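J.: The structure that follows is given in the form of structure tokens.
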Amino acid sequence: MQAFKRTILALSLVAAPAFAQVSVTIDAAHPGAVINKNVYGQFAEHLGTGIYEGMWVGPGSKIPNTKGWRNDVVGALKNLHVPLVRWPGGCFADEYHWKDGTGPRGKRPVKVNTNWGGVEESNAVGTHEFFDLVEMLGADAYVNGNLGSGTPQEMSEWIEYMTSDSKSTLADLRRKNGREKPFKVAYFAIGNEAWGCGGNMTPEYYTSLYKHYKSFLKAPDATRPKFIASGGNDNDTHWTDVISRDAAHQTDGISFHYYTIPTGKWEGKGAATGFSEADWMATLANTLKIDTYISNNVAKLDKNDPQKKIGLFVDEWGTWYDVEKGTNAGFLFQQNTMRDAVVAALNFNIFHAHADRVRMTNIAQMVNVLQAMIITDKDKMILTPTYHAYRMYVPFQDAASLPVALSNNVAYSVGATSIPGVSASAARGKDGKLWLALVNTNAGQPVDVALDVAGQKIAGVSGQLLTADAMDAHNTFQQTGAVKPVPFGARAVGGKLSLKLPAKAVVVVAVESQP
Ligand code: AHR
């Protein structure tokens, strides 16, 4: 490790080359919006082995667990400082009846998960178990209510069950089921993807229903959740427009979903591994589209909510590939490679740039499903490249975003498609440090970066680098550390700092200035 560290230091100290350098200038004197820690939120749905097996094994399992939740997985997630978890879906949420998941586990009704593989849903994980998980993680709870097949009465009773400190029959039922004090529900969403699996509605019809249901969701002030309306996806802005116009005073946030699909087509999305550089480029170009989609939705919010009370919550995002061969197509299991880490970092940098409106995001999903942090196999677990990107970006949670100017940014081109070669984001962390994240999108070429902090002399940078030789490098149960961060640093020469980013790299460093 020491030898590698010295090599990286030496590489990054190379004098400015004769060819073009990308200039990155941080304006540390003009902080912008705080990057809400919930931008680093997660999503756990009753889907495939995302919850059962992947996280929940039950208290009687031989796999070491606490209250049924795997110790290894919970321990790894704690290191990500997971700020909040969305549950129980997704599409699953609009068929979920909360009472099925309460009471003695052996007596809970067994249902069919009609959205995801038609498998049996034992309801072993319900409200109490979910709160065990988030409380172990130190995370906030984001509960998604059933608007699709549930009634306003069912939804209002769930809110009462979770939040009431009274002696009502429902609050007493919660006590009988083992929880004396109310649960803290930080956020509650009314439906999911109402334009699709959540009921195939128009935005106008959904907004009326949202207001109808919301009228009956009453909670004491101290335990009242923030309410989220289910919005649109991709390049659609009509949902955000209608909801923020017609339900402006009844919602704290509107959700937005965007999945990165290499081919851009649901039929034949592209493989998670064994892809070409053209596929790499298509994936990154498609993921960068979220910047425009967010801007277009924010424009609707700015029109209808100029006081910025409503947040845009990207509560599902990430890569979506063809499922791995031999796995249940309904389980959405895919491998996770260096490409996914680069996708994650590019999205983080975009979310930071929209920090004033994008106050929560939830990557899909936490374990074993889509762009997961962790992949499990029986009692074994691996951390994915996406996990490492999340860990490297922890200092950005609740940090104050800072303007960053890039000049002379090289274009990276494959065939007819071009994207910026370097993506950057900076923030003043809660720890007082100046943090910088850089991404080299180029799959084959390193890039030189000249770094400046306006009005200051840089002394050096130190932090971590994530890169790999192959575009589809990934961790396996045989080689768990094939892709992992290594130390990265550089010292300034004559007040100037030059960094060489390897091809396909994510770097997060603390920038030290001279006194
Ligand atoms: O994350 C998988 C699914 O994608 C979710 O259940 C749904 O909301 C979206 O279509």
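J.: Gly138 - would you say it is within 16 Å of the ligand (Cβ to nearest atom) and either among the small types (Gly, Ala, Ser) or within 21 Å of Ser255 (Cβ to Cβ) (or both)?
T.: On the way: within 16 Å of the ligand (Cβ to nearest atom): no; either among the small types (Gly, Ala, Ser) or within 21 Å of Ser255 (Cβ to Cβ) (or both): yes.
Taking the combined requirement at face value, the residue does not satisfy it.
J.: Just for region 257-279: of the residues that are charged (D, E, K, R) and either away from the ligand (no atom under 16 Å from the Cβ) or loosely packed, with under 14 Cβ neighbours inside 10 Å (or both), which one is farthest from Ala229 (Cα to Cα)?
T.: First pass over region 257-279, keeping only residues charged (D, E, K, R): 265, 267, 269, 277, 279.
Among the residues that remain, those that are also either away from the ligand (no atom under 16 Å from the Cβ) or loosely packed, with under 14 Cβ neighbours inside 10 Å (or both) are: 265, 267, 277, 279.
Values: Lys265: 27, Glu267: 29, Glu277: 39, Asp279: 34 Å.
Result: Glu277.
J.: While we're here: Quick one: which of Lys226, Lys167 is basic (Lys, Arg), within 29 Å of the chain's Cα centre (by Cα) and in the same structural domain as Lys107 (by TED's automatic domain parsing)? Walk me through it before giving the result.
T.: Details: Lys167 fails: within 29 Å of the chain's Cα centre (by Cα).
Among Lys226, Lys167, only Lys226 is basic (Lys, Arg), within 29 Å of the chain's Cα centre (by Cα) and in the same structural domain as Lys107 (by TED's automatic domain parsing).
J.: Also: Based on this model, can you work out whether Trp87 counts as more than 27 Å from Thr151 (Cα to Cα) and either out of contact with any His (no Cβ under 9 Å at 6 or more places or on another chain) or in the same structural domain as Gly117 (by TED's automatic domain parsing) (or both)? Before the answer, list the steps.
T.: Values: more than 27 Å from Thr151 (Cα to Cα): no; either out of contact with any His (no Cβ under 9 Å at 6 or more places or on another chain) or in the same structural domain as Gly117 (by TED's automatic domain parsing) (or both): yes.
No.
J.: Can you tell me how many residues within region 280-314 are surrounded by 14 or more Cβ atoms within 10 Å (Cβ to Cβ), aliphatic (A, V, I, L, M) and more than 13 Å from Asp234 (Cα to Cα)?
T.: 8
J.: So, in region 142-197, exactly how many residues are in contact with a Leu (Cβ under 8 Å, 6 or more places away or on another chain), of a type in the set (A, V, I, L, M) and within 16 Å of the ligand (Cβ to nearest atom)?
T.: Residues meeting the conditions: 3.
J.: Looking only at region 61-84, count every residue that is under 11 Å from Met136 (Cβ atoms), in contact (Cβ under 8 Å) with a residue 60 or more places away in the chain and not aliphatic (A, V, I, L, M) and tell me the total.
T.: 6
J.: Still on this structure: Would you please name the residue that is farthest from Asn440 (Cα to Cα), looking only at residues in region 235-283 that are part of a loop (DSSP other than H, G, I, E, B) and touching a Lys or Arg at 6+ places or on another chain (Cβ under 7 Å)? Lay out the reasoning, then the answer.
T.: Let us first name the residues in region 235-283 that are part of a loop (DSSP other than H, G, I, E, B), namely 235-237, 247, 251-252, 261-276.
Narrowing further to those that are touching a Lys or Arg at 6+ places or on another chain (Cβ under 7 Å): 237, 247, 252, 261-263.
Numbers: Thr237: 31, Ala247: 41, Asp252: 36, Ile261: 20, Pro262: 19, Thr263: 22 Å.
Checking each candidate, the answer is Ala247.
J.: Something else about it: In the set Gly199, Gly178, Gly270, which member is in contact with a Phe, Trp or Tyr (Cβ under 7 Å, 6 or more places away or on another chain), in the same structural domain as Phe348 (by TED's automatic domain parsing) and at positive phi?
T.: Values: Gly199 fails: in contact with a Phe, Trp or Tyr (Cβ under 7 Å, 6 or more places away or on another chain); Gly178 fails: in contact with a Phe, Trp or Tyr (Cβ under 7 Å, 6 or more places away or on another chain).
Exactly one residue qualifies, and that residue is Gly270.
J.: Out of Tyr210, Tyr205, report the one residue that is surrounded by 17 or more Cβ atoms within 10 Å (Cβ to Cβ), over 27 Å from Asn286 (Cβ atoms) and modelled with pLDDT of 95 or more.
T.: Every option except Tyr210 fails the conditions.
J.: Contact list please: Cβ distance under 9 Å, first residue in region 110-124 and part of a loop (DSSP other than H, G, I, E, B), second residue more than 14 Å from the ligand (Cβ to nearest atom) and aromatic (Phe, Trp, Tyr), pairs at least six apart or on different chains.
T.: Qualifying pairs under 9 Å: Ser122/Tyr52; Ala124/Tyr52; Ala124/Trp56.
The values are calculated or read from the model by the stated rules, or taken from the named source; none is laboratory data. What you are looking at is a predicted structure, and each value in this text was computed from that prediction instead of being measured. Using ideal geometry, Cβ is built from the backbone for each residue, glycine included, and neighbour counts are taken over all protein chains shown.
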